Amino acid sequence: MVQETIEGINPTRMELLNLKNREKLAVKGHSLLKEKRDALIMEFFNILDRVKGSRENVERILQEAYDDLTAAQVRMGDLAVQKAALSVKESVDVNIDSRSIMGVVVPVVESKIESKTLVDRGYGFSDTSVKLDEAAKKFEEAIKLVIELGEIEKTIYLLAAEIEATKRRVNALEHIMIPKLENTVKSIEMRLQEMERETFVQLKMIKSSIQSKS
Amino acid sequence: MSSVAVIGDIDTVTGFKIGGVKKGFIVEKDEDAKNALNELIETDISIIIITEKIADNIREHINKKIGSDVLPMIIEIPDKFGSSDRDVDPMGELIKRVIGVEMVK
């Protein structure tokens, strides 16, 4: 294995101390990031439980709603359905708050969808079919589920992005930064020992030359 | 308090209007969908419901506009012809990439 070191560092005691501090910091950061990653993955699993099957559920209810809508269109005609749709009152209101999971800001949606009675919907009865009522009911239900699904999917998406970033950082520290620092520390230590021995030999030689002269 | 908007074909928008979402954009061309999306992002709409087919067509545009922002939330739904057949389920793919193994389904 190639022992990679950080280049351009002088083998001095000051640098050695600095590097040792950096190594300590890197190890600490690595363990913290690892904890963060584990916590994020745990959160991720919690949310995965919620997403299970909810997309299928939404798709099924939407399909039913579309079927009813088509039936209504067949009975009343496209234009009449559109006309009725125009007179339906706005009833979907959402309140978006945010929550922080290990520093990841995720949305929390509070949807206020009033369940409406026939009269509240706002279209006339004389020229509408009962199928339209059914379609309206299904769509109201579907919208609620769609918004819930959106919240969950967005949360998963954001968490996944954060997990990936954290993973990358953990790996970079573990496999590149920390070994590099360790190797550099080792090489500087070796270099310093070598220098010590050199000086020792020089001193010995000087001593012997002085002794032989006197 | 903010509200919800729909971008989709005429039937989807009509359906959601009956359900109580009044802001609907009926789009047929990709260009219209992009414009509608831009307009919605500028206002304080926080949830945009869009049909999968349109979303697939303007995927790059959506990614560029939204990126990893929290709001607005874009929710993709199938239109009345059912969900588009995708080669990969994006959510499943994402989970697989993050966890390393297939978890759901």
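FYI, it's all coordinate maths here, none of it is from the lab. This one's a predicted model, so the numbers in the text were calculated from it and none came from an experiment. Here the Cβ positions follow ideal geometry from the backbone for every residue, glycine too, while neighbour counts run over all protein chains shown.
Counting Cβ atoms of other protein chains within 10 Å of each Cβ in A:49-59 and taking the mean gives 3.
For the stretch A:147-213, the Kirkwood hydrodynamic radius comes to 17.0 Å, computed from all pairs of different C-alpha atoms. Taking a point 7 Å out from the Cα of A:S187 in the direction of its Cβ, the residues of the stretch A:1-39 whose backbone N falls within less than 18 Å of it are A:1-23. The separation of the stretch A:50-115 from the stretch A:155-169, counted between C-alpha centres, amounts to 29 Å. Under Stokes-Einstein, with the Kirkwood radius over Cα pairs as Rh, the value for the stretch B:3-99 at 4 °C and 1.567 mPa s is 93 µm²/s.
Between B:E52 and A:K24, the distance separating the two model label sites (each 7 Å from Cα on the Cα→Cβ line) works out to 5.6 nm. Mean per-residue shielding of peptide B:5-18 is 6, counting Cβ atoms of other chains within 10 Å of each Cβ. Its DSSP H runs of at least 4 residues, each contributing -39,500 (n - 2.57), put the calculated 222 nm mean residue ellipticity of chain A at -25500 deg cm²/dmol, to the nearest 500. Computed over the alpha-carbon atoms, the protein assembly as shown gives an Rg to Rh ratio of 1.31, Rh here being the Kirkwood radius from the mean inverse distance. Between A:M14 and A:M42, the modelled labels are 4.5 nm apart [label points 7 Å from Cα along Cα→Cβ]. Here each label is just a point 7 Å from Cα along the line to Cβ, and for B:N38 and A:K89 those points are 3.6 nm apart. Between the helical axis of A:13-51 and the longest alpha-carbon principal axis of chain A there is an angle of about 20 degrees.
Free of any trypsin sites (Lys or Arg not before Pro) that DSSP assigns to a loop and that have at most 14 other C-beta atoms within 10 Å, the longest stretch within chain A is A:90-214. For peptide A:150-157, the mean count of partner chain Cβ atoms within 10 Å of a residue's Cβ comes to 5.
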